[in-house]
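For reference, the structure discussed in these notes is given below.
What follows is calculated from the coordinates using simple rules that are stated; it is not laboratory data. For clarity, every value in this text was computed on a predicted model and none was experimentally measured. So basically every Cβ, Gly included, is an ideal-geometry build from the backbone, and we count neighbours across all protein chains shown.
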Amino acid sequence: MGAATLTKAGGVNKEHWVIWFVAKWWYEHEKGELTLTRLNKLLFILNREFKAKFGKPLLDLEFFMYFYGPYSVDLEDILNDSADRGLIDYVVEVKIPHAPRDLDEDYAYAIIKHQLDEVDAPGKYVRKIVRPKAGAVEIPQDLEKLLKEIGITESELKEMIGGWIEEATSAGNIEDYTIEKYKLHGREFGERLE
């Protein structure tokens, strides 16, 4: 869809819009790649800060404690839907180790298996990256209703979101910032985070 403007009639909801806006802000401020892990932390922060300020969450996402902090099991479905709607690109990059050529097949398999089993195998990764695609997205009805209820404008919301992201990223590591600020140390794996 490129630089199209999507309308309310396109079925875009507040989760779609916020994800698109966060991705757009992230790349406009040259913060590097926006990975799924980072996006989870940022959306958790936005939800927490919004709820602290206005008494209700910004997004209808549940977060659970995962390996690197808060994680929403619903987020990947929303990202895929957002990509289908032309709001974002959601790319999965996979890089796996390899064995030298001209090796016995069993030996080559053993080398690759060993590299994959290593926690910190050099050059091994699966990265899920979110990039904005649409040029402008009209604010959806569910978000417009929420903003009217709490008495703020779209531009005020954008400014708040940008400020919260800037605070989180200026601290260095978003994962450490999130765990420290929201006192997530010692939380059980899979525990629901309010």
Inset, instruction - Starting from the Cα-Cα distance between Asp142 and Glu154, subtract it from 0.36 nm times their residue separation and give me the gain in nm to one decimal. - result: 3.1 nm
Legend entry - Selection from Ile139, Val91, Ser170 lying farthest towards where the dipole of the chain points positive, charges on Cβ: Ile139
Inset, instruction - Find the all-direction average of the projected area of the Cα convex hull for the chain, expressing the result in square nanometres with one decimal place. - result: 13.3
Inset, instruction - Past 20 Å, Cα to Cα, is the threshold; run Lys31/Lys128; Lys41/Lys183; Lys128/Lys183; Lys128/Lys158; Lys14/Lys128 against it and keep the listed order. - result: Lys128/Lys183; Lys128/Lys158; Lys14/Lys128
Inset, instruction - Before rounding to the nearest 500, sum -39500 (n - 2.57) across all DSSP H runs of length at least 4 in the chain and divide by the residue total; then give [θ] at 222 nm in deg cm²/dmol. - result: -15000 deg cm²/dmol
Inset, instruction - With +1 on each Lys and Arg Cβ and -1 on each Asp and Glu Cβ, and nothing else charged, work out how big the dipole of segment 120-194 is about its Cα centre, in Debye to the nearest 20. - result: 420
